[in-house]
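Trainee: First the structure, which I've put down as structure tokens, then a few questions once you've had a look.
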Amino acid sequence: MNDRGALVERRQLELPVRYASGATVPSPCTAVCEMDPATGWCKGCHRTLDEIADWALLDADARRAIWAQLPARFDARQRT
């Protein structure tokens, strides 16, 4: 993936400002749905299987906490 493509993909893993507060927090799913055995994260959304499975049950704060981790996970995968 070229640098621009990686930047666009990483930006998609940052929670849009309009969801920074309030009860609505969208799923970061990108419909790639392939797990990376080395990290245990989905190659598309960078969530763990537990985070994916529990998403519908999580409150907005827990969802925002997951979103906050996604850019760093993306960066970590890019370095490997």
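The values are calculated or read from the model by the stated rules, or taken from the named source; none is laboratory data. Because the structure is predicted, anything quoted here is derived from the model rather than measured. Virtual Cβ from ideal backbone geometry, glycine too; neighbours counted across all protein chains shown. Heavy atoms of the whole protein, side chains included, go into the accessibility calculation; ligands, DNA and RNA do not. Shrake-Rupley method; radii C 1.70, N 1.55, O 1.52, S 1.80 Å.
Trainee: Give me, ordered by chain and number, the residues 5 or more places off residue 29 or on other chains with an amide H under 5 Å from its own placed amide H.
Mentor: none
Trainee: Also, quick follow-up: On a 1.4 Å probe surface of the protein chains, which of 25, 32 comes out largest in accessible area, and what is the full order?
Mentor: 32, 25
Trainee: Each label point is 7 Å from the Cα along the Cα-to-Cβ direction; what then is the distance between the points at residue 76 and residue 21, in nm?
Mentor: Rounded to a tenth, the inter-label distance reads 3.1 nm.
Trainee: List the residues whose amide H sits under 5 Å from the amide H of residue 36, counting only those 5 or more places along or on another chain, with H placed 1.01 Å from N in the peptide plane.
Mentor: The answer is 41, 42, 43.
Trainee: Now a separate question. Would you tell me the accessible area of residue 34, worked out with a 1.4 angstrom probe on the heavy atoms of the protein chains, in Å² to the nearest 10?
Mentor: 90
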